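K.L.:
My structure is below; once you've seen it, I'll send some questions.
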Amino acid sequence: MRTLEITKEILIKDFIVDKNLSKLIGLISFIVLTALGAFVRIPLPFTPVPITLQTFFVLLAAAFLGRSWGTFSQLGYLALGILGLPIFSNAASGLLAISGPTGGYLFGFVFGSWLIGHFMSRTKVLSFARIFMVMSLGLAVIYVWGCLWLEILFKLGLRETLMLGFWPFLPGAVLKLSAASFIYSKMAKRAGEIFG
């Protein structure tokens with residue numbers, strides 16, 4: 001029994017030692033999770049932007065994988081969607097989808113992920129409050145990109161833009177932020193061992 005435990009521990013350590021393999025598996029996993037998050041979709045009658053679970057996985061990708069690999073996961077997601085895989089919200093794909101109402105949010109995923117990964121790597125104490133604050137900054141970047149694109153696309157004023165692209169999503173954003181922050185606060189140490 002003891003031998004089995006030691007063998008299992010050695011195998012796990014060997015897997016974890018190869019950080020690049022771990023990060024590659026993490027990158028692919030978060031591309032898939034972000035894509036699946038697009039299919040958890042709640043359309044709202046007063047805005048062309050639906051509620052999805054994508055941002056939840058963007059927050060976690062950035063926290064778990066760090067600045068570079070977290071950003072690459074979102075670039076990979078965007079690239080696959082642009083190349084024709086129907087992985088954007090409403091099973092959309094291609095350049096037409098990213099030039100539509102949700103295009104700004106999609107590009108915001110990349111910049112928000114980079115920001116979260118950047119600040120997370122500089123944070124020594126990973127308390128729930130600190131993680132929540134860093135993830136909030138990243139999510140704010142996503143909403144800024146999304147709202148700016150809506151404003152340009154529909155030639156809206158600030159009030160109308162916020163009504164279409166920010167205020168309806170605020171309660172859900174707080175829930176996703178809280179859940180992502182809680183999950184990462186509980187798994188941060190293990191994530192560091194796996195992804196470095």
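K.L.:
Residues of the stretch 116-142 being touching a residue at least 24 places away in the same chain (Cβ under 8 Å) and of a type in the set (Ser, Thr, Tyr), which ones?
P.N.:
The answer is Ser121, Ser127, Ser136.
K.L.:
Also: So which pairs qualify, if the first residue must be in the stretch 82-94 and within 9 Å of Phe39 (Cβ to Cβ), the second must be among the aliphatic types (A, V, I, L, M) and surrounded by 15 or more Cβ atoms within 10 Å (Cβ to Cβ), the Cβ gap must be under 7 Å, and the two must be at least 6 apart or on different chains?
P.N.:
Pairs that qualify, where the first residue is within 9 Å of Phe39 (Cβ to Cβ) and the partner is among the aliphatic types (A, V, I, L, M) and surrounded by 15 or more Cβ atoms within 10 Å (Cβ to Cβ), are Ile87/Ala35; Ile87/Ala38; Ile87/Leu80; Ser89/Ala38.
A quick yes/no check of all residues on (1) touching a residue at least 40 places away in the same chain (Cβ under 8 Å); (2) under 19 Å from Ser178 (Cβ atoms):
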position: Asp18; (1), (2): no, no
position: Ser29; (1), (2): no, no
position: Leu36; (1), (2): no, no
position: Val49; (1), (2): yes, no
position: Gln54; (1), (2): yes, yes
position: Phe57; (1), (2): no, yes
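K.L.:
I need a count of the residues in the stretch 141-173 that are out of contact with any Leu (no Cβ under 8 Å at 6 or more places or on another chain), farther than 14 Å from Gln54 by Cα and among the hydrophobic types (A, V, I, L, M, F, W, C).
P.N.:
12
K.L.:
Given the conditions (1) more than 28 Å from Leu164 (Cβ to Cβ); (2) at pLDDT 95 or above; (3) not hydroxyl-bearing (Ser, Thr, Tyr), report the number of the one that Leu21 does not fulfil.
P.N.:
Failed condition: (2).
K.L.:
Please pick out the residue among Ser113, Ser73 that is in contact (Cβ under 8 Å) with a residue 12 or more places away in the chain, over 30 Å from Glu160 (Cβ atoms), assigned to a helix (DSSP H, G or I) and under 13 Å from the mean Cα position of the chain (by Cα).
P.N.:
Result: Ser73 is the single residue among Ser113, Ser73 that is in contact (Cβ under 8 Å) with a residue 12 or more places away in the chain, over 30 Å from Glu160 (Cβ atoms), assigned to a helix (DSSP H, G or I) and under 13 Å from the mean Cα position of the chain (by Cα).
K.L.:
Related question: Can you tell which of Gly104, Gly94, Gly117, Gly84 is buried (at least 21 other Cβ atoms within 10 Å of the Cβ) and over 22 Å from Ser68 (Cβ atoms)?
P.N.:
None of the others qualify; the one that does is Gly104.
This table checks each residue for (1) modelled with pLDDT under 95; (2) buried (at least 18 other Cβ atoms within 10 Å of the Cβ).
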{"position": "Lys124", "(1), (2)": "yes, no"}
{"position": "Met135", "(1), (2)": "no, yes"}
{"position": "Glu151", "(1), (2)": "no, yes"}
{"position": "Leu158", "(1), (2)": "no, no"}
{"position": "Leu175", "(1), (2)": "no, no"}
{"position": "Ala179", "(1), (2)": "no, no"}
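K.L.:
Quick one: which residue in Val144, Val110 is within 13 Å of Leu59 (Cα to Cα) and at pLDDT 95 or above? Give the steps one after another, and end with the answer.
P.N.:
Numbers: Val144 fails: within 13 Å of Leu59 (Cα to Cα).
After applying the criteria, what remains is Val110.
The values are calculated or read from the model by the stated rules, or taken from the named source; none is laboratory data. From a predicted model like this one, the values you see are computed outputs, not experimental measurements. Because the Cβ atoms are built from the backbone with ideal geometry, glycine has one as well, and the counts that use them run over all protein chains shown.
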